[in-house]
Amino acid sequence: MSPLLCCPRSTLISPRLPSLSWTTPPRISITGEQRSAVASMNSDALKVVPLLSKHQLRWSFIGGSRIQQEPRGSRIVHRKRGFRPSASWLTSSQIASNAFTWGTVAVLPFYTLMVLAPTASFTRRTMESSVPYIALGVLYTYLLYLSWTPDTFRMMFASKYWLPELAGIAKMFTNELTVASAWIHLLAVDLFAARQVFHDGLKKNVETRHSVSLCLLFCPVGIFSHCITMLLAQMVNRSH
């Protein structure tokens, strides 16, 4: 039976067991030549591996320099795109072209009703409505807003007497948006004049289909035609 030793903390320790002690690792001394050699190795390794590649250079005193290659994997980054209205959806030329086309198409049904069915009740109720003039007015205002520039007012009243001049108006109409707004302006005024001619003809029982047709493209000529028609109708009534 082996003897037992007693420690201050009353712990039993067998003499056969090896003594436990903490050992500090030996210090490694590096000379100046070794440091220069390591620095040259690092510089050579950095020259071999491109900076933009998927490799990583790791160096330690124990393991030396190691090159680790990362696996190439596609990284998908999902970015939330919010709704951002952009002015480049339609160019100014496309806006002008669409306004010109749809404005012309919009007024054709009203002229068709006044020419083909002037005495129908549906035509009378339709021509009493103010909806087409409101729609044309909104479209004209929008085009006027897009075509307006700081020089628009100066080109309109270029004279020293604040009167329009032909050269300034011609220069202003080189813009497609300005031409489209002027066209919508003409469509609204022509339709309004045609409606007045239509109602006057119904009231006085005078033929207005030819005058209404002329108001579509030649509004002053259509008004003049209606005036001549009214004069001839009065002469015929007096003769009878």
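The values are calculated or read from the model by the stated rules, or taken from the named source; none is laboratory data. It should be emphasised that the depicted structure is a prediction, and the values quoted were computed from it without experimental measurement. Methodologically, a virtual Cβ is constructed for each residue, glycine included, from the backbone with ideal geometry; neighbour enumeration extends over all protein chains shown. Each accessible area value is taken on the protein alone, full model and side chains, heavy atoms only, with ligands, DNA and RNA left out. Shrake-Rupley method; radii C 1.70, N 1.55, O 1.52, S 1.80 Å.
Numerical summary
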read-out: Förster-model FRET efficiency, 45 Å R0, residue 205 and residue 163, C-beta, rounded to 0.05; value: 0.55
read-out: Within segment 159-188, chymotrypsin sites (Phe, Trp or Tyr not before Pro) in DSSP loop having at most 11 other beta-carbon neighbours inside 10 Å; value: 161, 162
read-out: Label point distance in nm, residue 91-residue 221, each placed 7 Å from Cα along Cα→Cβ; value: 3.4 nm
read-out: Computed E for residue 235/residue 152 - FRET, C-beta separation, R0 35 angstrom, nearest 0.05; value: 0.15
read-out: Order of exposure, largest accessible area first, which applies to 185, 240, 226 with probe 1.4 Å; value: 240, 185, 226
